[in-house]
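Have a look at the structure below, then the notes.
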Amino acid sequence: MRVLRAVPLGLLRSPPPPPTLRRIHNRVPEHQKHFQEDNGLPVHLKGGAMDSALYHLTTLICTAGTCYSLWALAQASRPKKP
């Protein structure tokens with residue numbers, strides 16, 4: 001408790017935010033225009049090649065997991081050999 005009393009109050013206050021040196025460019029309207037254009041792609045694939053790769057990887061992992069689950073169920077349903 002003595003340690004807390006010994007610390008000056010000026011050190012406990014948070015520092016003021018730094019001044020902005022440059023203006024931040026708002027890219028939201030550009031992104032809205034890009035994602036709302038009608039080019040036949042679903043919204044989760046409009047981001048480009050990386051979105052497509054992640055989509056296909058996710059599909060592959062889900063399919064492999066489903067196949068493994070069905071295989072494990074089939075193995076568990078068979079009687080064990082004595």
Exercise. Only one of (1) outside any helix (DSSP H, G or I); (2) modelled with pLDDT under 85 fails for Arg5. Which number is that?
Worked result: (1)
Exercise. Restricting the search to the range 44-61, which residues are over 16 Å from the mean Cα position of the chain (by Cα) and at pLDDT below 90?
Worked result: Lys46, Gly48
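The values are calculated or read from the model by the stated rules, or taken from the named source; none is laboratory data. Just so we're clear, the structure is a prediction, and the values are computed from it rather than from any experiment.
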